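Worksheet: the structure to be examined is printed underneath.
The values are calculated or read from the model by the stated rules, or taken from the named source; none is laboratory data. Keep in mind that what you see is a predicted model, and the values were worked out from it rather than measured. Please note: Cβ atoms are built from the backbone with ideal geometry, for glycine as well, and neighbour counts cover all protein chains shown. The accessibility values were calculated without ligands, DNA or RNA, using every heavy atom of the protein model including side chains. Shrake-Rupley method; radii C 1.70, N 1.55, O 1.52, S 1.80 Å.
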Amino acid sequence: MLKFLGVTARHKATVNGRAISVEPGETLLQAALRQDIDFPYVCRVGGCGTCKCKLIDGRVREMTETGYLLTEDEIADGYILACQSTPRTDVAIEVDLKSALAGNVVRGHVVGKTPLTHDISRIDVQLDEALDYRAGQFAELSLSSLPGVLRTYSFATPPSADNKVSFFIRRVPGGQFSTRAVDGDIVGEAVQLRGPGGAFWLRPGTGPVIMVAGGSGLAPILAMLKDAKARGETRPVTLLFGAREERDLYALDELAALERDWPTFTFVPVLSAVAEGDAWAGERGMVTDYIGKYCDAAGAAYLCGPPGMVDAASSRLLTLGLVDEAIFADRFLERVTLKDTGFTGGVVDAERNPAHWSDYLKYFMFHGIALVAIACFLLGGAAIPIGLAVIVAFYVLGDAMSGDDTSVPRFDRPGVLTIQLWLALPLLATIMFCAVWSASSNDPLGFGDFIGRVTGYDIEAARRSTTLFDHVAGIGLAGLMIGIIGTITAHELTHRTWDPISMFVGRVLLAFSIDTAFAIEHVYGHHRYVSTAHDPATAPRGRNVYAHIVISTIRGNMSAWQIECERLRRKHLSIYSWHNAYLRGQFMSVVLLAIAAAMGGWTAAIYFLLCALVGKALLEIVNYMEHYGMVRLPDQPVQPRHSWNTNKRISSWSMFNLTRHSHHHAQGEVPYQDLRPFPDAPMMVGGYLSTILLTLVPPLWHHLMTPKVMAWDRDHASPEERILAQEANRRSGMPAFRRYDPLHRAVPGK
């Protein structure tokens, strides 16, 4: 019981032989940092793998699946992620502290600033003393004008005798440090460095090397190249550099000099957003698309840039035969202060009042709706379409009349809220049993006879009076319940990757909509790529909801399969085996379908299948409306502005705050009860069910949403995102979007 309530024991850990204490619920990384161990880390949320360490003794609870981040050899050798591991026993770990930020602090001052592109500047710093680092590593910087604001940047130059170092700093929208560094007058300002850190440097070897960089990720790559050239490196090296437009290319003179003096070095710039008819004569498209063309017989690869690019490049290199151990990567994960959100760097800092009993009770509204649905199927006949209409009206009118819920209480009994979630499984199972029974010609398990004897109501006669129209309404009602009771609850539960019970309940709930792939793709795909072209669930401007249901379903399943196959490959497990979570999930759905067939034959099985498809369609409709038309640079953190939000009271209470989607995507690890309303985030047209109904009429949807998307461009998008918005408008095929220029320039011919 104590374990269920989240109370765990205090444990001891040794880090490279040094003993530390680990408080209940504390991760190994948190404990190490609290006790002044310079443990390597970047993101602290299991997204980068920097804090990997080897478990020598003891057992830990892993809060997320490490197979998506660690190599197969690391997994076999017992490596874990310190930021995602809490001890089950006393433990001993070993970690390469050389890759952590060194404890030595060096001071200096800015001696030069050179604009390289419209959003990247080179910052030159003269250090007061020597700093021993390797080309490719990074340091933590602070400026005297921003006390307490610390950011990590890679060295753009190799070590030199004059103790001068350089960094390439890219302006991040909302980034306090980067905006000051790129736009401010900082020459002469005092700087403090702590470092070096990271394990990204050029390893010795003789075989060909391929390097892939994007944006300011060129900094450590360029430093490594200059250092290698100075040491007389002769092996073949190919550098693929991905940028959007020609204005985003920089350091071309330095790269040209390397090509001139290093006969086996090749530089290949690739532009992804070149307009048709542009004079650019080089490669076009995504930089990762050219790895196969230029990889040749590369024996090692070095990747640096946004996570999406690094992941895509790694996947492509693996398919070309390069092993994990020969791929070295540095993902740029930027920490920014999120405007008007109440939290910085992913840590909620809002004060909350203790929750009242009514705050717990409001989330039971969801269970009441489930009981209404059960009653409708038992009453049969006209009660089914009437019940569907009443539930829809309850949501639509309730949201319209009851206003917004912006409360943020502090829940001290989260176990109660978890039980509320788990209750969804017996409720949905009961709903679907009653629904399938209503479409069957026999009486499985003597259910009808039992209910008739207990209640005195002849449900057998009611079932016989149920018309085809009533059954169609029943499919709609059951599908709606699969979406509300099943998928929404499963969405919350499958984010709790550290809790096996929640994960199991969530996956079974998803099996009712034949969509257990969601548990893989949503957590490890959608949350990484949301609002980008890489995300199957994000609907581009101009797409209608019916096309999105089909496209997102197909692409989402393909993505889940690829993610799961990569995990299994890294763990040396067979793809076609019980270890495959994708296949296990499909088996769950087959079992449910077989149960329906056993209850009432093929008629009942087809009825169940139609209900499941309606439930799945509802999920894709919700995906459609949660991110429609939004754009994001893949190398920038997800912020509240990248999701459509709503705080409508009925939707929030009966959908476990799924409505607070802006906070959910900015902090995917936060449980539903702690999500904040973010009233300044982009807002949906209405509550969830009313917005779902609007999407079903595409002309009405586009009439209402096109102005809202344009307002998003104006009020929420960063300057870089407005460029993406312009391209999205051009591709939309919609005259209203094509006439609108988010950059506020005249559109030729319009």
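Would you mind telling me the antiparallel percentage of the DSSP bridges in the chain, rounded to 5?
Here the share of antiparallel DSSP bridges comes out near 60 percent.
Given the convex hull over the Cα atoms of the range 443-580, what projected area results after averaging over all orientations, in nm²?
12.3 nm²
Around residue 302, which amide H atoms from residues at least 5 apart in sequence, or from another chain, sit under 5 Å from its own amide H, with H modelled in the peptide plane?
Result for residue 302 returns 210, 211, 212, 328.
If one computes the Cα centroid of the range 494-553 and of the range 104-126, what distance in Å separates the two points?
Here the answer is 42 Å between Cα centres.
Could you work out how much longer the chain between residue 36 and residue 465 gets when fully extended? Use 0.36 nm per residue separation minus the Cα distance between them, nm to one decimal.
Extending this stretch completely gives an extra 147.1 nm.
Looking at the square roots a ≥ b ≥ c of the eigenvalues of the Cα gyration tensor of the range 635-750, which shape do they give, rounded for a/c under 1.5, prolate if a/b is larger than b/c, or oblate?
Taking the square roots of the gyration eigenvalues as a ≥ b ≥ c, the range 635-750 is oblate.
Non-local amide H neighbours of residue 191 (under 5 Å, H modeled in plane, Pro and chain starts lacking H): which ones?
Amide H neighbours of residue 191: 108, 109, 110.
Would you work out the relative contact order for the chain, in percent, from Cα pairs under 8 angstrom that are 6 or more residues apart?
10 percent
How fast does the range 514-593 diffuse by Stokes-Einstein, in µm²/s, taking the Kirkwood radius from C-alpha pairs at 10 °C and 1.306 mPa s?
My calculation gives 118 µm²/s for D.
Please list, in order along the range 23-29, the HN-Hα scalar couplings obtained from phi with the Karplus expression 6.51 cos²θ - 1.76 cosθ + 1.60 (θ = phi - 60°), rounded to whole Hz, x for Gly and Pro.
Going residue by residue, I get 6, x, x, 8, 7, 4, 5 Hz, with x marking Gly and Pro.
Using the Kirkwood formula on the Cα atoms of the range 611-659, what hydrodynamic radius do you get, in angstrom to one decimal?
When all Cα pairs of the range 611-659 are included, the Kirkwood radius is 12.6 Å.
Is it possible to state the helix-based mean residue ellipticity at 222 nm for the chain, with each DSSP H run of 4+ residues giving -39500 (n - 2.57), the sum divided by total residues, to the nearest 500 deg cm²/dmol? What is it?
Mean residue ellipticity, 222 nm, calculated: -12500 deg cm²/dmol.
Distances longer than 17 Å among the Cα atoms of the range 379-467: what percent of all pairs is that?
Summing the P(r) of the range 379-467 above 17 Å gives 67 percent of all pairs.
Ranked from the most accessible area to the least, with a 1.4 Å probe and all protein chains present, what is the order of 168, 328?
The residues order as 328, 168, largest area first.
In degrees between 0 and 90, to the nearest 10, how far off the longest principal axis of the chain does helix 424-438 point, with axes built from Cα atoms?
Taking the Cα atoms of the chain, the angle to 424-438 is about 40 degrees.
Averaging over all projection directions, find the projected area of the Cα convex hull of the chain and quote it in nm² with one decimal place.
Convex hull of Cα atoms, orientation-averaged projection: 34.6 nm².
Using label points projected 7 Å from each Cα along Cα→Cβ, tell me how many nm separate residue 230 and residue 356, to one decimal.
Placing both labels 7 Å beyond Cα along the Cβ direction yields 6.7 nm.
Among the aspartates and glutamates, which have Cα under 15 Å from the Cα of residue 12 when same-chain residues fewer than 8 positions away are ignored?
Result set, ordered by chain and number: 23, 26, 57, 90, 94.
Treating only the Cβ of Lys, Arg, Asp and Glu as charged (+1, +1, -1, -1), what charge dipole size does the range 125-232 show about its Cα centre? Round to the nearest 20 debye.
Here the size comes out at about 460 debye.
What does the accessible area of residue 194 come to, in Å² to the nearest 10, when a probe of 1.4 Å is used?
60 Å²
Taking a temperature of 25 °C and a viscosity of 0.890 mPa s, what whole-number D in µm²/s does Stokes-Einstein yield for the range 262-310 with Rh from Kirkwood over alpha carbon pairs?
Estimated via Stokes-Einstein, D reaches 192 µm²/s.
Can you pull a Stokes-Einstein diffusion coefficient for the range 114-183 at 25 °C (0.890 mPa s), Rh from Kirkwood over Cα pairs, as a whole number of µm²/s?
Roughly 193 µm²/s, to the nearest whole number.
Where does each of 553, 646 land when they are ordered by accessible area, with a 1.4 Å probe and the largest first?
Heavy-atom accessible area, descending, gives 553, 646.
Do any of 54/226; 54/616; 113/229; 229/293; 164/229 go past 29 Å between their Cα atoms, and which?
From 54/226; 54/616; 113/229; 229/293; 164/229, over 29 Å: 54/226; 54/616.
Among the aspartates and glutamates, which have Cα under 15 Å from the Cα of residue 708 when same-chain residues fewer than 8 positions away are ignored?
Of all the aspartates and glutamates, those that pass the test against residue 708 - Cα under 15 Å, at least 8 places apart if same chain - are 626, 680, 741.
Treating the range 247-338 as a set of equal point scatterers at the Cα positions, no solvent, please give the Debye-formula log₁₀ I(q)/I(0) at q = 0.13 Å⁻¹.
Rounded to two decimals, the profile gives -0.57.
With the cut-off at 1.5 for a/c, could you classify the range 348-422 from its C-alpha gyration tensor as rounded, prolate or oblate?
oblate
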